[in-house]
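The values are calculated or read from the model by the stated rules, or taken from the named source; none is laboratory data. All values reported here derive from a predicted model rather than from experimental measurement. Cβ coordinates were reconstructed from backbone atoms using ideal geometry, including for glycine residues, and neighbour counts include every protein chain displayed.
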Amino acid sequence: MSPMLRRQLPFVALAIFLVLFALVAPHNVVDIGVYALIYGLAAIGLSLLMGLAGQVSLGHAAFIAVGAYTQAVLVSKANLPFLVAAPIAVVASMIVALIVGLPLLRLRGHFLALATLGLGIIIGVIVTESEALGSTSGLYGLPSLAFGGRTYDTAQEYFLLLTPVIVIGMWLAVNLVKSRTGRALSAVNDSEVAAECLGVDTFALRLRVFVLSAGYAGLAGVFYAHWLTIVNPSVTHFEVSVKILLMVVLGGLGTVWGALIGAVAVQVLDEGLRALLPVIIPSAKGEVQLIGFGVILVLVIILMPGGLAQLWSRVRAKLTKPDPAKHGAHEHEISQAEQRELLDKSLGILARTDHEPVGTSILQIEGLTKRYGGVTALDNLSLDIKAGEIVALIGPNGAGKTTAFNMITGVLPPTEGSVKLHGKEVAGQLPHVAANLGATRTFQNLQTFKSTTVLGNVKVARHLRSKAGLLRGMVMADRAEERHIETTAQAAVDAMALTALADHPIADLAFGKQRQVEVARALALEPSLLLLDEPMAGLSGPERDSLSWLLRKVKATGVTIVLVEHDVAAVMALADRVAVLDDGKLISLGTPAEVTNDPVVIAAYLGTDDEAEATVEKAAAAHAVDSASEGGTR
């Protein structure tokens, strides 16, 4: 069976199950199922927003209300047929999300959650005070759905009508999660700064998913209106938003299937609380039920933060025996000759032909300064980096090397100064701007995407070199591009001799291996400027030698490399020029020989003359050995 067909089987099974459920389940149970499917549509959208985009919405009922009220007005007052009114209602919810998302999604964490809560309150006040929308009474007497010669006015009929809608909605959402967009958003959730440095425009992607999630909620509102045949302000209540939030959390963040399972579980729980609370507390009203939801939500977060999806994963782990061959794959080591042969092949796939001619100014830094109050982390740094060279930044801890990297790549805005990449100003811009101009980096403190595999990490770097958007990913019109992403990402993994680890979760790897994955990820972007922040930290001796050889080969393809590294011998063997920073200031710039003989550098960083001379000799020996080894493999 082909992988494509295997991917569709769960949706076929879901459709069959839902149809059989509608045909054989008791009427009152099917009635609960109808509500579960309606709210499940909204939960799928919120799952994408929370699980992928990492954004919490406490006012998602507002978008259900917009969809429901728009549908009610269109069918009852404008007399539009259902199939015409429904798309308009969904688009209305998405337009509201776009309008409010432009400012709201610039907020983070609890600020965004509180802002969406405020949105729910605002929509509630608007519909309550609007006479055109029926004020507190709402709009009632809506017609039951009728088209295709059938009237969907029973629980069974309505459930069967909802079945293809929920299956298609699930199919589209799952496809999105596995697409270029889903991969990028998952990466943003793990490390926003790393994703941005790979060219991901996080704000634009989050806005799109926010609008999409509102579309799912608006569709839920459409079916809500026709099922109840009445829409009133109760649909905007905080209780509805909490219910949908609980569905997503109970099902498991980051899994679309969990949202649907959570919707069923919460709806059953809702009916149970309605029946149980009046028995326990005779005067109990809706507020007490809301408290019950809140208690359950807190317990789920504390006891089972991964929701039902986490529970299922644990069960599968116990039932599935690990493959010893796969488990031991990470112990396989290839020879140096095999690795270098693989590297040559991989660079043939990744190498670009549009690099600037060697010697052309590619990165111009003028007066770059960063102050934190009275502390100056970097003071008036000026450098001109030429295409096709390796420039090393060295200096003691706290000298300002990483601060310089952060400002060059847009992670930090400078206090003063200019950074021009290919002649375009990038100082103060977001990291994805520099990435779009061909610059990417690794990090002193690891910034890997913990939720995925080695290959999954590297595939994110292909975001900038691929074009499929949200819609193409949802309808699987991106298959050819996805195959190319797989090929090029695998080439970068091969280049770092990580082939045997490609399908391993990156969180299971040792620190040094994760460091190598960062380098592979940066290479997969096909950069013109590669900034490496202590890439050899945590690597063994042979791994350092292999990385040094790799960087020379990468340089030979036309890539410019700027390197921060504390291994002075490795730096002197690799670099064409060395810039020495001390206390935020550039104290020396020149060839390795010039820098190591500079009295200022010796006094500030290298130590005594004997130690400096030993460093130069060690670097020269390392370079000679590596050159001889390279010649032997040709």
Hits in segment 403-427 (condition: surrounded by fewer than 18 Cβ atoms within 10 Å (Cβ to Cβ) and within 21 Å of Leu586 (Cα to Cα)): Pro413, Thr415, Glu416, Ser418, Lys420
Failed criterion for Glu518 (all others in (1) over 15 Å from Gln447 (Cβ atoms); (2) touching a Ser or Thr at 6+ places or on another chain (Cβ under 7 Å); (3) part of a helix (DSSP H, G or I) hold): (1)
Residue match in segment 39-48 (condition: assigned to a helix (DSSP H, G or I), farther than 17 Å from Ile168 by Cα and at pLDDT below 95): no
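State whether the residues of segment 29-42 include one that is hydrophobic (A, V, I, L, M, F, W, C) and under 22 Å from Leu470 (Cβ atoms). Explain how you work it out, then say what you get.
Let us first name the residues in segment 29-42 that are hydrophobic (A, V, I, L, M, F, W, C), namely 29-30, 32, 34, 36-38, 41-42.
In the following step, the residues that additionally are under 22 Å from Leu470 (Cβ atoms) were identified as 41-42.
Scanning segment 29-42 turns up at least one residue that is hydrophobic (A, V, I, L, M, F, W, C) and under 22 Å from Leu470 (Cβ atoms).
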Residues satisfying the stated conditions in segment 400-427, i.e. out of contact with any helix residue (DSSP H, G or I) (no Cβ under 8 Å at 6 or more places or on another chain), more than 14 Å from Leu529 (Cβ to Cβ) and part of a strand (DSSP E or B): Glu416, Ser418, Glu425
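Here's the yes/no breakdown for (1) of a type in the set (Asp, Glu); (2) touching a residue at least 60 places away in the same chain (Cβ under 8 Å); (3) part of a helix (DSSP H, G or I); (4) in the same structural domain as Gly169 (by TED's automatic domain parsing):
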site	(1), (2), (3), (4)
Leu18	no, yes, yes, no
Ala62	no, yes, yes, yes
Tyr69	no, yes, yes, yes
Met94	no, yes, yes, yes
Phe111	no, no, yes, yes
Leu117	no, yes, yes, yes
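Here's the yes/no breakdown for (1) touching a Leu at 6+ places or on another chain (Cβ under 6 Å); (2) surrounded by 18 or more Cβ atoms within 10 Å (Cβ to Cβ):
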{"site": "Leu9", "(1), (2)": "no, no"}
{"site": "Ala15", "(1), (2)": "no, no"}
{"site": "Leu20", "(1), (2)": "no, no"}
{"site": "Leu37", "(1), (2)": "yes, yes"}
{"site": "Ala43", "(1), (2)": "no, yes"}
{"site": "Leu52", "(1), (2)": "yes, yes"}
{"site": "Ala61", "(1), (2)": "no, yes"}
{"site": "Val66", "(1), (2)": "no, yes"}
{"site": "Ala89", "(1), (2)": "no, yes"}
Residue list for segment 119-133, filter: outside any helix (DSSP H, G or I) and buried (at least 19 other Cβ atoms within 10 Å of the Cβ): Leu133
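Consider Leu464 carefully, then state whether it is crowded, with 19+ Cβ neighbours inside 10 Å and touching a strand residue (DSSP E or B) at 6+ places or on another chain (Cβ under 9 Å).
Values: crowded, with 19+ Cβ neighbours inside 10 Å: yes; touching a strand residue (DSSP E or B) at 6+ places or on another chain (Cβ under 9 Å): yes.
Yes: the conditions hold for Leu464.
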Residue satisfying condition, being touching a Ser or Thr at 6+ places or on another chain (Cβ under 9 Å) and under 26 Å from Lys513 (Cα atoms), within set Thr409, Thr415, Thr442, Thr487: Thr409
Conditions (1) assigned to a loop (DSSP other than H, G, I, E, B); (2) over 18 Å from the mean Cα position of the chain (by Cα); (3) free of Cβ contacts under 8 Å to residues at least 60 places away in the same chain: number failed by Gln444: (3)
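Is one or more of the residues making up segment 428-439 part of a helix (DSSP H, G or I), touching a Lys or Arg at 6+ places or on another chain (Cβ under 7 Å) and surrounded by 17 or more Cβ atoms within 10 Å (Cβ to Cβ)?
no
Would you confirm whether or not segment 94-102 contains a residue that is aliphatic (A, V, I, L, M), surrounded by 12 or more Cβ atoms within 10 Å (Cβ to Cβ) and modelled with pLDDT under 90? Step through it out loud before you land on a result.
So the first thing to find is which residues in segment 94-102 are aliphatic (A, V, I, L, M), and the list is 94-100, 102.
Right, trim to surrounded by 12 or more Cβ atoms within 10 Å (Cβ to Cβ) and you get 94-98, 100, 102.
Of the ones still in play, those that are also modelled with pLDDT under 90 are none.
No, every residue in segment 94-102 fails to be aliphatic (A, V, I, L, M), surrounded by 12 or more Cβ atoms within 10 Å (Cβ to Cβ) and modelled with pLDDT under 90.
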Some residue of segment 156-166 being under 26 Å from the mean Cα position of the chain (by Cα) and either under 21 Å from Ser47 (Cβ atoms) or not in a helix (DSSP H, G or I) (or both): yes
For Ser76: the one exception among (1) within 29 Å of Glu192 (Cβ to Cβ); (2) surrounded by fewer than 24 Cβ atoms within 10 Å (Cβ to Cβ): (1)
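Condition first: surrounded by fewer than 21 Cβ atoms within 10 Å (Cβ to Cβ) and outside any helix (DSSP H, G or I). Now tell me which residues in segment 448-460 satisfy that.
Of all residues in segment 448-460, those surrounded by fewer than 21 Cβ atoms within 10 Å (Cβ to Cβ) come to 450-453, 456.
Across segment 448-460, the qualifying residues are Lys450, Ser451, Thr452, Thr453.
For segment 339-357, how many residues are part of a loop (DSSP other than H, G, I, E, B) and surrounded by 13 or more Cβ atoms within 10 Å (Cβ to Cβ)?
Residues flagged as part of a loop (DSSP other than H, G, I, E, B) and surrounded by 13 or more Cβ atoms within 10 Å (Cβ to Cβ) within segment 339-357 amount to 4.
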Residue check for Val90: among the β-branched types (Val, Ile, Thr) and in a loop (DSSP other than H, G, I, E, B): no
Count of residues meeting criterion [surrounded by fewer than 13 Cβ atoms within 10 Å (Cβ to Cβ) and not in a strand (DSSP E or B)] in segment 359-398: 5
